[in-house]
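A.B. asks: So that we are looking at the same thing, I have put the structure below in structure tokens.
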Amino acid sequence: MTEQLFNLDAYFERIQYTGKRTVSAETLKQLHTAHVMRIPFENLDIFHKKNISLEREDLFNKIVLNHRGGYCFEMNGLFSAVLEEMGYQVTNHLARVYRNGFENSGKTHMVLLVEVDQKTWVCDVGFGGNGLTAPILLEEGLEQEHFLRTHRIMRDDDYGYRLEFKIADQFQPIYAFTLEKCCPADYLIANHYTATYPGSFFTQLMMCAIVTEVGKITFLDGQLKITAGDNQTEEMIVGDMAIKKTLKAYFGLQL
């Protein structure tokens, strides 16, 4: 593949973004939100035991040109490359996902920090579930709400910074990260483990999720769940043809 393959115009078209391209916090917010609302979080290649490449051009080809989604290393890898191409100051970091305690999880998630307008923003377009819909400030204790989701950043004596999500009136930890510099090889190792280890959650269940302005749509192990505000519907999807139709209809995925 050639460098010419990576094209910002094609990416903007993919996420249906027509706003400004100036480097600013406002542009960053709009790009982040457009990405999570247009590109689904999904593990279909992992589930079907296909190779997951983190090369920039491979990510662009898969997500932008082939209208697929991806999981954290793919989605945030592409988003980081886009931001850098636009002129943003971006650093990539590894996070430890909370699974009944941080001690039960290795660093298997990718998160971005972006310096813009003299502030540091946490960006993450590749978590799915209760992840971020828009960047949030790296400011301890500040509750930040976007599209009916409230998050905050807290300091953690053992694990650095902790991202938390508000459910009812309680905040629950999602993942923790430090400001330690990571190298490309760190992501290759984490990606290989997450995408191939038999005990990895991603290798066991087919999943897909996308954010909407009023909630989210998820497909997990055959169950389609649509959440809109306080309303939620669930439906079991059975059979390969029905699953393909569901993935196309709700997530725009043509397999």
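The values are calculated or read from the model by the stated rules, or taken from the named source; none is laboratory data. Being a predicted model, the structure only gives us computed values, none of them experimental. So basically every Cβ, Gly included, is an ideal-geometry build from the backbone, and we count neighbours across all protein chains shown.
Table: residues versus (1) of a type in the set (A, V, I, L, M); (2) closer than 29 Å to ALA228 by Cα.
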| position | (1), (2) |
| --- | --- |
| LEU8 | yes, no |
| THR22 | no, no |
| ILE39 | yes, yes |
| ASP45 | no, yes |
| ASN76 | no, yes |
| PHE79 | no, yes |
| VAL82 | yes, no |
| LEU94 | yes, no |
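A.B. asks: Taking interchain pairs and intrachain pairs at least six residues apart, which have beta carbon atoms under 8 angstrom, with the first residue in region 229-255 and under 25 Å from VAL214 (Cβ atoms) and the second surrounded by 14 or more Cβ atoms within 10 Å (Cβ to Cβ) and of a type in the set (S, T, N, Q)?
C.D. replies: ILE237/THR246
A.B. asks: Let me ask another. Give the residue, chosen from ASN51, ASN100, that is surrounded by fewer than 18 Cβ atoms within 10 Å (Cβ to Cβ), assigned to a loop (DSSP other than H, G, I, E, B) and either among the hydroxyl-bearing types (Ser, Thr, Tyr) or modelled with pLDDT under 95 (or both).
C.D. replies: When all the criteria are applied, what remains is ASN100.
A.B. asks: For ASP58, all conditions in the list (1) on the phi < 0 side of the Ramachandran plot; (2) at pLDDT 95 or above; (3) over 18 Å from the mean Cα position of the chain (by Cα) hold save one; what is the number of the exception?
C.D. replies: The one condition ASP58 does not meet is (3).
A.B. asks: Here is a further query. Starting from region 81-98, take each residue that is farther than 11 Å from ALA190 by Cβ and among the acidic types (Asp, Glu) and list its partners that are modelled with pLDDT of 95 or more and in a helix (DSSP H, G or I), counting only C-beta distances under 9 angstrom and pairs at least six apart or across chains.
C.D. replies: These pairs meet every condition: GLU85/LEU8; GLU85/TYR11.
A.B. asks: Now for a different question. Pick from region 122-155 the residues that are more than 15 Å from the chain's Cα centre (by Cα) and touching a residue at least 24 places away in the same chain (Cβ under 8 Å): which of them is nearest to CYS183 (Cα to Cα)?
C.D. replies: LEU138
A.B. asks: Which one of the conditions (1) closer than 16 Å to CYS72 by Cβ; (2) out of contact with any Leu (no Cβ under 7 Å at 6 or more places or on another chain) does CYS208 fail to meet, given that it meets all the rest?
C.D. replies: (2)
A.B. asks: Are there any pairs, at least 6 apart or on different chains, whose C-beta atoms fall under 7 Å, with the first in region 167-183 and at pLDDT 95 or above and aromatic (Phe, Trp, Tyr) and the second assigned to a loop (DSSP other than H, G, I, E, B) and surrounded by 11 or more Cβ atoms within 10 Å (Cβ to Cβ), and if so, which?
C.D. replies: TYR175/TYR98
A.B. asks: What single numbered condition from (1) buried (at least 17 other Cβ atoms within 10 Å of the Cβ); (2) more than 13 Å from HIS32 (Cα to Cα); (3) not aliphatic (A, V, I, L, M) fails to hold for ASP124?
C.D. replies: Result: ASP124 passes all but (2).
A.B. asks: Being assigned to a strand (DSSP E or B) and more than 14 Å from the chain's Cα centre (by Cα) is the filter here; which residues of region 88-97 pass it?
C.D. replies: Across region 88-97, the qualifying residues are GLN89, VAL90, THR91, ARG96.
A.B. asks: I'm checking my understanding of the structure. Among residues of region 182-233 that are under 25 Å from LYS50 (Cα atoms) and polar (S, T, N, Q), which one is surrounded by the most Cβ atoms within 10 Å (Cβ to Cβ)?
C.D. replies: Of everything passing the filter in region 182-233, THR194 is surrounded by the most Cβ atoms within 10 Å (Cβ to Cβ).
A.B. asks: From the list THR150, THR108, pick out the single residue that is crowded, with 17+ Cβ neighbours inside 10 Å, hydroxyl-bearing (Ser, Thr, Tyr) and over 18 Å from GLU84 (Cα atoms).
C.D. replies: Every option except THR108 fails the conditions.
A.B. asks: Tell me which residues, restricted to region 8-36, are surrounded by fewer than 17 Cβ atoms within 10 Å (Cβ to Cβ) and within 20 Å of LYS248 (Cβ to Cβ).
C.D. replies: GLU13, GLN16
A.B. asks: Now a separate question. Which condition does LEU59 not pass, out of (1) more than 20 Å from THR178 (Cα to Cα); (2) in a strand (DSSP E or B), if it passes all the others?
C.D. replies: (2)
A.B. asks: Next question. So which of ALA25, ALA34 is out of contact with any strand residue (DSSP E or B) (no Cβ under 7 Å at 6 or more places or on another chain), hydrophobic (A, V, I, L, M, F, W, C) and either more than 22 Å from VAL122 (Cβ to Cβ) or at pLDDT 95 or above (or both)?
C.D. replies: ALA34
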